[in-house]
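Undergrad: The structure's right below; bear with me while I get my questions together.
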Amino acid sequence: MDILSGVTLTKQCYDLLKVIIGNRDAVIINQAVGELREKITDLQMLNSELASLYHAEKQITMKLTDENAKIEMFASQSANYEMHKTPAGSIVYRSKLSANDEVNLHYLCAHCYQNRVISILQPTGGKTNYNGKIFSTSICHSCDSHYLMDYLGDYDIHIPSSCF
Ligand SMILES: [Zn+2]
């Protein structure tokens, strides 16, 4: 049923009421009363369907409103970051530099960034040998991605293994 069915049903109810009011024949009145009851039941079912549809639409609207707020928040936050290639070749996002903002320089996980999540990379304290060069590593605690970050020097067999 749709809203037009409701209009049609309402008109039919009105017509049946006119029959009931304008007749003195008990058989016709009883028949009209029976039909009117059926129409009222149909209207109640239609009302229930419309209430369910309204509730479902309201849920969708709330979900979309929430999603839109998250997108707007990400758009606002992401304006403060730019794509950056680390010395090891990893692609991350980093905070845009201002004149005296070296202290606040930090990096974001590129994977999470693509999913509109701001996740700051944390240093692991570990070092990784990559093609004979040693790089520091950082981790994203949201998605567990590891990134090779700063160049620390060439791999040297004289470096004690306890440094790694
Ligand atoms: Zn991540």
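Undergrad: Residues of the range 81-92 being of a type outside the set (Lys, Arg), free of Cβ contacts under 8 Å to residues at least 24 places away in the same chain and either surrounded by 14 or more Cβ atoms within 10 Å (Cβ to Cβ) or over 12 Å from Leu108 (Cβ atoms) (or both), which ones?
TA: His84
Undergrad: Can you tell me which condition Ala69 does not meet? The list is (1) touching a strand residue (DSSP E or B) at 6+ places or on another chain (Cβ under 9 Å); (2) assigned to a helix (DSSP H, G or I), and all the others hold.
TA: It is condition (1) that Ala69 fails.
Undergrad: How many residues are more than 22 Å from Ile120 (Cα to Cα) and surrounded by fewer than 11 Cβ atoms within 10 Å (Cβ to Cβ) when one looks only at the range 53-80? Show your work before the answer.
TA: Keep residues of the range 53-80 that are more than 22 Å from Ile120 (Cα to Cα), which gives 53-66, 68.
Adding the requirement that they be surrounded by fewer than 11 Cβ atoms within 10 Å (Cβ to Cβ) leaves 54-66, 68.
So the answer is 14.
Undergrad: Would you call Pro87 over 26 Å from Met73 (Cβ atoms) and not in a strand (DSSP E or B)? Give the derivation first.
TA: Working: over 26 Å from Met73 (Cβ atoms): yes; not in a strand (DSSP E or B): yes.
In short, yes.
No value in this document is a laboratory result; all are computed from the given coordinates. Source: prediction; values computed, not measured. Positions of Cβ are generated from backbone atoms using ideal geometry, with glycine treated the same way; all protein chains shown enter the neighbour counts.
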